[in-house]
Amino acid sequence: MTYDQRITGSKGSKVLTGTGAHASLGAYCFIVQEDTVITVFEVGGVDSLAAYGLSGTTLKAGAYISVPEQSTITAITMSSGSVIIYNG
């Protein structure tokens, strides 16, 4: 996939809501839809919550979180809120 294809979200998206675990995602970014607290954030199967500054943080609606090219978000768990992930 080229960088331009990532920006347009041409591989699709999915709304994630609730407090359950969301795994096997394969996403390159997400956009927060309402105030959201992330408790699990894995990139390439590796715990990356602290590396992305998401520990103990409430993300505000509209926040855009992305991972580097060739990386994928593989798991997210939220204690509150919702996000839209974009598939890579």
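The values are calculated or read from the model by the stated rules, or taken from the named source; none is laboratory data. Quick caveat: nothing in here was measured; it's all calculated off a predicted structure. Only protein heavy atoms, including side chains, enter the accessible area calculation; ligands, DNA and RNA are left aside. Shrake-Rupley method; radii C 1.70, N 1.55, O 1.52, S 1.80 Å.
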Express the accessible area of the chain per residue in Å², computed with a 1.4 Å probe while the remaining protein chains stay in the model.
-> 53 Å²
Spelling it out for residue 72: with amide H atoms placed in the peptide plane at 1.01 Å from N, the residues 5 or more places away or on another chain with amide H under 5 Å from its amide H are 44
Carbon + sulfur, % of accessible area of the chain - ligands and nucleic acids excluded, 1.4 Å = 51 percent
Relative contact order (%) - the chain, alpha-carbon pairs under 8 angstrom, separation at least six | 49 percent
List every residue whose amide H lies under 5 Å from the amide H of residue 82, counting only residues 5 or more places away in sequence or on a different chain, with H placed 1.01 Å from N in the peptide plane.
-> 33, 34
Check residue 25: other-chain or 5+ apart residues with amide H under 5 Å from its amide H, H built from backbone geometry?
-> 75
In sequence order, what are the phi-derived ³J(HN,Hα) couplings for segment 25-38 according to the Karplus relation 6.51 cos²θ - 1.76 cosθ + 1.60 with θ = phi - 60°, rounded to whole Hz, with x for glycine and proline?
-> 7, x, 9, 10, 6, 8, 10, 6, 9, 7, 3, 9, 10, 9
